[in-house]
Amino acid sequence: MKKELSKYSDVKRVILENFPKSKIKSINEFPEGYNNLAYDVELSDGDYVIKIIKLKGYENYVLKQNKIRKLVQSKFKDFPIAKIIKSDYTKKVIERPYIIAEKLSGKSVLKSYEEINNKKEIFEEIGELYGKMHSFKMKSYGELDPNLNLIKTYKSWYVENDNNVKKIFNKLEERKLISPKTLKQNKDFFDSNKHLLKKEVGPRLCHGDASLTNILVKKDGKKYVVSGVIDFEFSRSSGTVQDLFSGLRTPDRKLAHKEDLVKGYSKYNQLPKEWEKLVYLYKWISYLNRLSSIKGMNWRNLTDEQTIQRKKNMRKEALLNLRKMQKKF
């Protein structure tokens, strides 16, 4: 056990500081997640999640989770969001800030996907949860600080997203990531379809990272049920269609279950008439953005050669998916 836990020295120090009388039964790093390091910790007095914050400048954004939990549960008392038990930004215990959160039972939808035998019900339930969250109207679009105050606000969803896509095009052109011909084709496509951005519904309280890694499920009898929604660091006042289907990652599996998502969502909110085309436009934008960001990407546990190969594969995939999304129109 000592040899196995030696690589978790920071987590052990956090445990000793906060649970001095507890015995460590197990520590396991969650394989999912990009911005922070999260650990599944089993102690003699209970189970917890310890998250070590890597994202500089946004360390205290994790505290939004407690504020959102209180807000959403004031209207929907059974909405499953984990409570943050403690946060420490002093860097006295370890070199980085950390939080301790209650552990919700279950595994992510992404990890459990093949095992789930009632996918239609699960995605309908996911739709319901996002419908509930999106029922909270906001004064303006923008980011949310740890106290849920609006910052970096903007009034027009259409103008903001139009400008963001233009910035992506500029990056692609400056870095010569695609040919002039392909660049023009994509610019023409966006000019023909950007009017769909005016159909978005908002501003509403949004999760900000709608990945299936952030939705937990557990087995209840013979079927699965949703047991939690986690990781609210990127919560913002945003557009509902984008949050339901896109977030910060590509929404392939959600698209495969779009009818069930919308069925659950519609119990609490309405989507615009052209929501499906809008979803494909957002997906196109996400691939365009990924293409512009590939050069600066790095991954843990990959050699330089593996990193180069992954970037080549991602570029190829992004170009292919841009063409696929254009065909949807």
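Just wondering, is there one or more residues in region 310-320 that are crowded, with 17+ Cβ neighbours inside 10 Å, assigned by TED's automatic domain parsing to the domain that holds Lys155, touching a Phe, Trp or Tyr at 6+ places or on another chain (Cβ under 9 Å) and modelled with pLDDT under 80? Yes: one or more hits.
Conditions (1) under 26 Å from Lys111 (Cβ atoms); (2) out of contact with any helix residue (DSSP H, G or I) (no Cβ under 8 Å at 6 or more places or on another chain), marked per residue:
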residue: Glu174; (1), (2): no, yes
residue: Leu177; (1), (2): no, no
residue: Lys199; (1), (2): no, no
residue: Leu216; (1), (2): yes, no
residue: Phe245; (1), (2): yes, no
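Taking the stated definitions as given, is Ser112 under 19 Å from the mean Cα position of the chain (by Cα) and of a type in the set (Gly, Ala, Ser)? Spelling it out, Ser112 is indeed under 19 Å from the mean Cα position of the chain (by Cα) and of a type in the set (Gly, Ala, Ser). A Cβ distance below 8 Å, combined with a sequence gap of six or more or placement on separate chains, defines the contacts here; from region 113-131, residues that are under 14 Å from Phe76 (Cα atoms) reach residues that are small (Gly, Ala, Ser) and assigned to a loop (DSSP other than H, G, I, E, B) in the pairs Tyr130/Ala210; Gly131/Ser266. If you go through region 127-167 and pick out every residue that is surrounded by 21 or more Cβ atoms within 10 Å (Cβ to Cβ), of a type in the set (Ser, Thr, Tyr) and assigned to a strand (DSSP E or B), you end up with 1. Note on region 9-126: enclosed strands (runs of 3 or more DSSP E) holding 1 or more residues that are in contact with a Lys or Arg (Cβ under 8 Å, 6 or more places away or on another chain) are 24-29, 36-43, 46-53, 98-102.
Residues in region 168-190 that are assigned to a loop (DSSP other than H, G, I, E, B) and of a type outside the set (A, V, I, L, M): Arg175, Lys176, Ser179.
The rows are residues; the columns are (1) surrounded by fewer than 19 Cβ atoms within 10 Å (Cβ to Cβ); (2) touching a Pro at 6+ places or on another chain (Cβ under 7 Å); (3) farther than 28 Å from Lys83 by Cβ.
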position	(1), (2), (3)
Lys199	yes, yes, yes
Arg204	no, no, no
Gly208	no, no, no
Leu212	no, no, no
Val225	yes, no, no
Leu255	yes, no, yes
Asp260	no, no, yes
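Kindly provide the set of residues from region 154-191 that are among the hydroxyl-bearing types (Ser, Thr, Tyr) and touching a residue at least 60 places away in the same chain (Cβ under 8 Å), ordered by number. Scanning region 154-191 gives a single hit, Thr182. Could you go through region 239-257 and let me know if any residue there is of a type outside the set (A, V, I, L, M), at pLDDT 90 or above, in a loop (DSSP other than H, G, I, E, B) and within 29 Å of Glu115 (Cα to Cα). Yes, because at least one residue in region 239-257 is of a type outside the set (A, V, I, L, M), at pLDDT 90 or above, in a loop (DSSP other than H, G, I, E, B) and within 29 Å of Glu115 (Cα to Cα).
The values are calculated or read from the model by the stated rules, or taken from the named source; none is laboratory data. The structure presented is a predicted model; accordingly, all values stated were derived computationally and were not measured. Here the Cβ is made from the backbone with ideal geometry for all residues, glycine too, and neighbour counts use every protein chain on show.
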